[in-house]
Amino acid sequence: MRWVLIVLLFALTQVRAEDEKSVAKMLRSSDPAVREQAAERLGKEGKRASVKSLLPLLKDPDWGVRLAATKAIAPISSSAGRKAMIDQLHTGEIAVIRLRTAQYLKATEDRMLPPEVARRLKSAKDERRIRLIEALGILGGPSAESALADQMKSSKVEVRMA
């Protein structure tokens with residue numbers, strides 16, 4: 001009986017190793033749909049180790065891949081993942097990715113996010129500042145409200161209107 005369990009355990013280990021190789025190959029694919037599927041698979045696993053593989057996808061040339069990576073990273077508790085996603089809130093050039101990033105982050109219910117985003121507002125310039133204001137509006141919470149109220153005092157009309 002013990003021997004059978006050892007053989008089964010060994011077989012499962014081999015299957016996992018093959019699956020990891022398969023996902024790694026998918027991440028390097030030239031086909032965006034395949035890279036997107038890889039991000040979704042890693043997200044379903046929800047392992048912290050997956051974040052390292054997902055982070056480069058946040059800068060993928062295909063915005064669908066970036067969205068899949070963002071969705072996969074958000075629920076995984078990882079400081080590197082959270083930092084990269086907050087960066088994406090104000091440096092991302094595609095509005096839908098910034099919007100979805102804020103929505104995915106809000107869904108995590110991480111209370112530290114609004115204060116972290118609010119701190120970045122203080123040093124952000126113009127367009128990035130407006131992007132962070134939009135994100136705080138989605139994230140919500142007392143610290144977001146306070147930071148947004150402070151932005152209403154800005155001398156720049158475009159900042160107040162955001």
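Computed from the coordinates by the stated procedures, all read-outs in this text should not be read as laboratory data. On a predicted model such as this, the values are computed, not experimentally measured, just so you know. Ideal geometry is used to build each Cβ from the backbone, glycine not excepted, and the neighbour counts take in all protein chains shown.
Note on region 39-139: enclosed helices (runs of 4 or more DSSP H) holding 1 or more residues that are farther than 21 Å from D150 by Cα are 48-54, 63-73, 79-91, 95-107. Of all positions in region 94-108, at least one carries a residue that is β-branched (V, I, T), exposed (fewer than 15 other Cβ atoms within 10 Å of the Cβ) and touching a Lys or Arg at 6+ places or on another chain (Cβ under 8 Å). Which of (1) loosely packed, with under 14 Cβ neighbours inside 10 Å; (2) touching a residue at least 12 places away in the same chain (Cβ under 8 Å) does L136 not meet, given it meets every other one? With (1) loosely packed, with under 14 Cβ neighbours inside 10 Å; (2) touching a residue at least 12 places away in the same chain (Cβ under 8 Å) applied to L136, the lone miss is (1). Quick one: would you say R41 is closer than 24 Å to E127 by Cα and not polar (S, T, N, Q)? For R41, the condition - closer than 24 Å to E127 by Cα and not polar (S, T, N, Q) - is not met.
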